[in-house]
1. Kindly list the number of the only condition in (1) at pLDDT 95 or above; (2) under 12 Å from residue 139 (Cβ atoms) that fails for residue 256.
2. Is there any pair with a first residue in the range 144-166 that is under 17 Å from residue 203 (Cβ atoms) and a second that is of a type in the set (Val, Ile, Thr) and assigned to a loop (DSSP other than H, G, I, E, B) whose Cβ atoms are under 6 Å apart and which are 6 or more apart or on different chains, and what are they?
3. If we keep just the residues of the range 48-68 that are part of a loop (DSSP other than H, G, I, E, B) and either more than 9 Å from the ligand (Cβ to nearest atom) or not assigned by TED's automatic domain parsing to the domain that holds residue 311 (or both), which is farthest from residue 280 (Cα to Cα)?
4. Exactly one condition in (1) part of a loop (DSSP other than H, G, I, E, B); (2) at pLDDT 90 or above; (3) farther than 23 Å from residue 13 by Cα is false for residue 348; which is it?
5. Select from the range 148-204 the residues that are small (Gly, Ala, Ser) and either in contact with a helix residue (DSSP H, G or I) (Cβ under 7 Å, 6 or more places away or on another chain) or closer than 15 Å to residue 109 by Cα (or both) and write down the one among them that is surrounded by the fewest Cβ atoms within 10 Å (Cβ to Cβ).
6. Can you work out which of the residues in the range 129-179 that are of a type in the set (Asp, Glu) and more than 30 Å from residue 311 (Cα to Cα) is nearest to the chain's Cα centre (by Cα)?
7. What strands (runs of 3 or more DSSP E), lying completely within the range 69-180, carry at least 1 residues that are in contact with a Ser or Thr (Cβ under 7 Å, 6 or more places away or on another chain)?
8. Looking only at the range 320-367, how many residues end up being within 30 Å of residue 274 (Cα to Cα) and either in contact (Cβ under 8 Å) with a residue 60 or more places away in the chain or polar (S, T, N, Q) (or both)?
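The values are calculated or read from the model by the stated rules, or taken from the named source; none is laboratory data. Being a predicted model, the structure only gives us computed values, none of them experimental. Using ideal geometry, Cβ is built from the backbone for each residue, glycine included, and neighbour counts are taken over all protein chains shown.
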Amino acid sequence: MIKVKKRKILLLPGDGIGPEVIKEVKKIIEWFNKNRSLDFEVDQDLVGGAAYDKFKTPITDEVFFKALECEAVILGAVGGPKWDNLDFSKKPERALLKLRKELKLFANLRPAICFKQLVDASSLKPEIVSGLDIMIVRELTGGIYFGEPRGIKLINNGERKGINTHTYTSTEIERVAKVAFELAKKRNNKVTSCEKSNVMEAGQLWKEEVQALHKKDYKDINLEHMLADNCAMQLLRNPKQFDVIVTDNLFGDILSDEAAMLTGSLGLLPSASLGAKDKDGNLRSMYEPVHGSAPDIAGKGIANPIATILSFSMALKYSLNLDKESIELDNAVQKVLDDGLRTKDIISKGKKEVSTSTMGDAIIAYLQK
Ligand code: NAD
């Protein structure tokens, strides 16, 4: 008998609304196991403030090794006022940084999709954002956030100097550009690469390396280069001109938040962080909603679980090679929104307000149909 390999998924609910939204993902995984005969093996553990409260560390070695061994990590959110005054090394967010760094998750994918049902939630005119579907690929482990030298130095006469260094190597640029080109192949065949090659040498190298990779392996993809400040403007002026945007850590941090807000709602935005394949060909990856732990609404049963559910859908597509199931899940989310069901954060006149768990159940009910 052929032994079916179990797909290991690690759920890390974290803090605040994290456990509430991850609970809905767990229900969906159970539904897939039962109804699509997918053999997901789910493990769940503590991370962030919840881990600190029990073990005095935001992530234990045991959980970290579990993350290394599974096919996908799905994280809720970490942090909250209870842990704000901890030493930097103990803060809940350190767990995220450790996972990103040690799993070498160098490509952060953030789709910005404007659901037609929620077009009024955007601060831009409906005709500008309706049907918007762009993907921002942000380099996540290099650039100015990690470059050396860094620090604050005392110079003359009590004057201080803050130093950060923006560095990129060809390899770091090439591997993230490759992710962007591969994504564009499955989308609308266009990549916009953003840097500041007019004023920064690292930006010039970025442009040259992306261009060289394009020439070597991706001639069929439409590549354009854009200065990052222009990209910030174009995102507001005409965001639908973009398909995939690839950029460095700093510009990506800003441009992905800007693009996210075009869609109007934090509770709907998923993300994926992808690393290199290991020697067995498995992709290291972590999936999480863009939002945080929302302490202001934690425990009330009103959090929107859709961002986390769509993050799981990205895991189905990018880590588990289950494109069909990913599309099925995305469609179920759309149908529920078509039916007018809304959590409190996206409620509008004439729509029906539902709780976190009712939203999860309604999505499952559509999977069932
Ligand atoms: P936040 O995203 O948690 O909340 C911002 C606002 O959006 C709040 O009003 C919140 O109620 C609302 N909101 C967020 N997600 C929602 C959802 N799913 N459904 C309904 N409403 C939602 O950002 P914040 O308030 O700046 O941060 C709170 C805590 O989360 C902080 O400790 C911060 O460090 C942490 N944080 C963690 C992550 C992460 O784990 N990746 C990311 C951002 C912030």
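1. It fails just one condition, (1).
2. Sorted first by the residue in the range 144-166, then by its partner, the pairs are 147/165; 147/167.
3. Among residues in the range 48-68 that are part of a loop (DSSP other than H, G, I, E, B) and either more than 9 Å from the ligand (Cβ to nearest atom) or not assigned by TED's automatic domain parsing to the domain that holds residue 311 (or both), the one farthest from residue 280 (Cα to Cα) is 56.
4. So residue 348 meets the others, but not (2).
5. For the range 148-204, the residue satisfying everything is 170.
6. Among those that are of a type in the set (Asp, Glu) and more than 30 Å from residue 311 (Cα to Cα), it is 148.
7. It comes to 72-77, 107-113, 133-139.
8. The total comes to 20.
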